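Right, one structure below, let's go through it.
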Amino acid sequence: DPTKFSARRNPNAVALIIGITKYKRTVEAKYADKDAQFFSDYARRKLGVPQSNIKVLTNEKAGSTDILEAAADWLPSATQAGKSDVYIFYAGHGLSSADGKEVYLLPYNGSPKLLEDTALRRNKLFKIIARARPRSVTVFLDTCYSGTTRTEETLVASRRILINPVEQLIPSRFTVFSAASMTQTAQMLGQTGHGLFSYWLMKGMEGGADKNKDRKITTGELHGYVRSNVTRLSRDQTPQLKGNKETVLMRW
């Protein structure tokens, strides 16, 4: 429930939110579109992003061109260099290359069999976002790169499953929350109708992650809360955090 309290407004903040359940060329990522739709309320009420600075792309509206256009055109136009805090949320399929050297986010029209030609390389997307020169970028990724889905289906039946993707460097001023380690599966929490990571991420933003009760939540506090609850309920899923653990995400 994002309405319990409203955090301080952040007039220069920008949020690009993507959630893909229904894919054109592969199996569903169950509840991913719902995760994105709910997160848009948390971006406004908890991260303080103005409604006019929030863009939500779901399902057929989240094709490769849609996502790239939003990142390369819309986001820079909404961002003030050196002043804006940018938030990126993605729920859907991810996959690593067969050799594990690259990791990809799968758009609505992407094909798991043709990653290089149809999917979005994560590093490329980060570089595009960094060009807007925001003050900070916080990324929430409810996805995994193991080749299995939230419902434990296999994205590419012909490839070997046990691939260990290489850890990716992130640009400066980026903080990245990931639902699972590079070899794990990001699971769902069926009784809530959400991804397991997304559910506890949003519960933490309701105030649950404010461990020391100082009416602010840092990236480290939020990660600790999400990790504790996800690992408690999952069958081998450990959320990850890369970046500054002391950044304050919310104040109220």
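Only strands (runs of 3 or more DSSP E) whose full extent lies in the range 65-145 are considered here, and the ones with at least 2 residues that are of a type in the set (A, V, I, L, M, F, W, C) are 85-91, 103-105, 136-142. The single condition among (1) open to solvent by less than 60 Å² (accessible area, probe 1.4 Å); (2) closer than 15 Å to residue 201 by Cα; (3) over 16 Å from the mean Cα position of the chain (by Cα) that residue 45 does not satisfy is (1).
Which ones in the range 14-27 are in contact with a Lys or Arg (Cβ under 6 Å, 6 or more places away or on another chain) and either open to solvent by 50 Å² or more (accessible area, probe 1.4 Å) or modelled with pLDDT under 95 (or both)? Break it down stepwise before answering.
If we filter the range 14-27 for residues that are in contact with a Lys or Arg (Cβ under 6 Å, 6 or more places away or on another chain), which is where we start, we get 16.
Of everything in the range 14-27, nothing turns out to be in contact with a Lys or Arg (Cβ under 6 Å, 6 or more places away or on another chain) and either open to solvent by 50 Å² or more (accessible area, probe 1.4 Å) or modelled with pLDDT under 95 (or both).
If you check 234, 228 for being surrounded by fewer than 24 Cβ atoms within 10 Å (Cβ to Cβ), modelled with pLDDT under 95 and over 14 Å from the mean Cα position of the chain (by Cα), only one passes: 234.
Take the conditions (1) in a loop (DSSP other than H, G, I, E, B); (2) more than 21 Å from residue 120 (Cα to Cα); (3) of a type in the set (Phe, Trp, Tyr); residue 23 misses just one of them, which is (2). With respect to the conditions (1) among the polar types (S, T, N, Q); (2) in contact with a helix residue (DSSP H, G or I) (Cβ under 9 Å, 6 or more places away or on another chain); (3) not in a loop (DSSP other than H, G, I, E, B), residue 37 lacks only one, and its number is (2). In this structure, residue 64 does not satisfy being open to solvent by less than 60 Å² (accessible area, probe 1.4 Å) and farther than 17 Å from residue 125 by Cβ. In the set (1) within 25 Å of residue 192 (Cα to Cα); (2) open to solvent by less than 20 Å² (accessible area, probe 1.4 Å); (3) aliphatic (A, V, I, L, M), residue 56 fails one condition alone, (2).
Output yes when any residue across the range 106-113 is in contact (Cβ under 8 Å) with a residue 12 or more places away in the chain, under 14 Å from the mean Cα position of the chain (by Cα) and open to solvent by less than 60 Å² (accessible area, probe 1.4 Å), and no when none is.
Taking the range 106-113 and keeping what is in contact (Cβ under 8 Å) with a residue 12 or more places away in the chain, we get 106-113.
From what's left, under 14 Å from the mean Cα position of the chain (by Cα): 106-107.
Those left that are additionally open to solvent by less than 60 Å² (accessible area, probe 1.4 Å): 106-107.
Yes.
Inside the range 203-214, residues that are in a helix (DSSP H, G or I) and either open to solvent by 10 Å² or more (accessible area, probe 1.4 Å) or modelled with pLDDT under 95 (or both) make up a count of 4.
Please count how many residues of the range 167-199 are open to solvent by less than 30 Å² (accessible area, probe 1.4 Å) and not in a loop (DSSP other than H, G, I, E, B). Residues flagged as open to solvent by less than 30 Å² (accessible area, probe 1.4 Å) and not in a loop (DSSP other than H, G, I, E, B) within the range 167-199 amount to 11. Within the range 215-223, the presence of a residue that is open to solvent by 70 Å² or more (accessible area, probe 1.4 Å), modelled with pLDDT under 95 and not in a helix (DSSP H, G or I) is excluded. Restricting attention to the range 145-176, the residues that are at pLDDT below 65 and either at positive phi or in contact with a Cys (Cβ under 7 Å, 6 or more places away or on another chain) (or both) total 0.
The values are calculated or read from the model by the stated rules, or taken from the named source; none is laboratory data. Since the model is a prediction, treat every value here as computed from it, not as a measurement. All Cβ positions, even for glycine, are placed from backbone atoms using ideal geometry, and neighbour counts span all protein chains on display. In case anyone asks, the SASA skips ligands and DNA or RNA and just uses the protein heavy atoms, side chains included. Shrake-Rupley method; radii C 1.70, N 1.55, O 1.52, S 1.80 Å.
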